[in-house]
Amino acid sequence: MDLRIRDVTKTYSNGVEALRGVSLSISPGLYGLLGPNGAGKSSLMRTLATLQLPDTGSIHLGDIDVVAEPDRLRRTLGYLPQEFGVYPKASAIDLLDHFAVLKGVGGRAARKEVVETLLRQTNLWDVRKQKLGGFSGGMRQRFGVAVALLGSPKLMIVDEPTAGLDPGERVRFLNLLSELGETSVVFLSTHIVEDVSELCTRMAIIDRGQILLETDPTSAIDGLSGKIWRRVVSKSDLPALEQSHPVVSTKLLGGRTVAHVYADTRPGPDFEASAPDLEDVYFCTMAGHIGNGVREEAGVAP
Ligand code: ADP
């Protein structure tokens, strides 16, 4: 079952054009939507989760018209928002059972089985009787996944999930999403490049409401082969380098500034070739050196 998004636009009442002609085709698997803060990621996620309507455009999941038939979509949707409240005094197993009742998972025995399976799948079985108020960020996120998975969704929307997770929790959480991707469309938004590079089979980069690049991480990285050059510069020399060369990123490494430059040939003797990674793909896209999306200046809303 594919998710097809066509020419979706959304302008808020304050005039902000949050989505400007977004089109994406997403197959089962883990799909990453990468972009800086304010790019429009949550706006797209909320629209897909039927929490707000697009102004124009269409969204289909298989034969479900998401805009016209939100109830049909909701029956097969799992949504994990950035922030969600839990009842701190409830235990994981009791609250999950409660949500299962609300979701209409019928029959006491069947419900018990579903709840227990989800607690094991999200690695919360051993802490199922603990109060949610004492859970770590990662445990809370995994509980959120368990809730979102009630009813076996075909579409799972996950909005900026890894902020605030420690590295171990983050890896466990992303592995869990990747498992889900084996059977469902899992659409993950993030501003963290590594979230995408580690697990996503397809990805898009969004900025100012527009899709600038849709690709798979491996071929995007291959496409930059031989075009990224690095040079160590002093902080005071950086402005001059930025004037003379297309610097795509700078990074502090052991107290020194390492600049990455985009160029077809070696820009000068002080530069050495650098094996590109997804961070280079991201910065080169943001800088306009690569991309397959339409790029327009922000318009003025009526
Ligand atoms: P992201 O999730 O990528 O950080 P958002 O979708 O939250 O981006 O925001 C995109 C743009 O829309 C931003 O400029 C933001 O300030 C604006 N925005 C988001 N939600 C609303 C809203 N409800 N009303 C008005 N403007 C909004």
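Simple point charges give the picture: +1 on the Cβ of Lys and Arg, -1 on the Cβ of Asp and Glu, and for region 226-275 a dipole about the Cα centre of about 160 debye. Taking every protein chain into account, the accessible area of region 161-205 amounts to 39 square angstrom per residue (probe 1.4 Å). Counting protein heavy atoms only, region 15-140 has 50 percent of its accessible area on carbon and sulfur, 1.4 angstrom probe. Sequence-ordered 3J(HN,Hα) estimates for region 217-225 from the Karplus curve with 6.51, -1.76 and 1.60 and θ = phi - 60° stand at x, 5, 6, 5, 5, 4, x, 9, 4 Hz, glycine and proline given as x. Each residue of region 73-87 was assigned a 3J(HN,Hα) from its phi angle through the Karplus expression (A = 6.51, B = -1.76, C = 1.60, θ = phi - 60°), giving 5, 4, 5, 10, 10, x, 10, 10, x, 4, 10, 9, x, 10, 7 Hz with x at Gly and Pro. Residue by residue, region 273-287 carries 3J(HN,Hα) couplings of 5, 10, 5, x, 10, 5, 5, 5, 4, 4, 5, 5, 5, 4, 7 Hz when phi is fed to the Karplus relation 6.51 cos²θ - 1.76 cosθ + 1.60 (θ = phi - 60°); x denotes Gly or Pro.
Could you work out how far helix 137-149 tilts from the main Cα principal axis of the chain, as a 0 to 90 degree angle to the nearest 10? Orientation of helix 137-149: about 60 degrees from the principal axis. The protection proxy used here, the mean number of other Cβ atoms lying within 10 Å of each residue, ranks peptides 277-287, 90-100, 237-247 as follows, highest first: 277-287, 90-100, 237-247.
Other residues whose C-beta falls under 9 angstrom from the C-beta of Leu188 contribute a net charge of -3, scoring Lys and Arg +1 and Asp and Glu -1.
Highest mean packing comes first when the peptides 11-20, 71-80 are listed by Cβ atoms within 10 Å, giving 71-80, 11-20. About its Cα centre, the chain has a charge dipole of approximately 1000 debye under the convention of +1 per Lys or Arg Cβ and -1 per Asp or Glu Cβ, with nothing else charged.
In region 144-219, taking the dipole from charged Cβ atoms about the Cα centre, the farthest positive-side position among Leu174, Pro153, Leu188 is held by Pro153. Selection among Ser23, Ala39, Gly134 by position relative to the dipole of the chain gives Gly134 as farthest towards the positive end (Cβ unit charges, Cα centre). Protection proxy ranking of 203-209, 129-135, 106-112, by the mean of other Cβ atoms within 10 Å over each peptide's residues and highest first, is 203-209, 129-135, 106-112.
Per residue, the accessible area of region 226-275 comes to 62 Å², computed with a 1.4 Å probe over protein heavy atoms only.
Rounded to the nearest 10 degrees, the angle from helix 108-121 to the longest Cα principal axis of the chain is 30 degrees.
Remark on region 226-275: hydrodynamic radius 10.7 angstrom, per the Kirkwood mean of 1/r across alpha carbon pairs.
Residues whose amide H lies under 5 Å from that of Leu212, counting only those 5 or more places away or on a different chain, are Ile205, Ile206, Asp207; hydrogens are built 1.01 Å from N in the peptide plane.
The values are calculated or read from the model by the stated rules, or taken from the named source; none is laboratory data. Since we're looking at a predicted model, the values are computed, not measured. For neighbour counting, all protein chains shown are included, and Cβ atoms are generated from backbone atoms with ideal geometry for every residue, glycine included. Accessible surface is based on the protein model in full, side chains and every heavy atom, while ligands, DNA and RNA are left aside. Shrake-Rupley method; radii C 1.70, N 1.55, O 1.52, S 1.80 Å.
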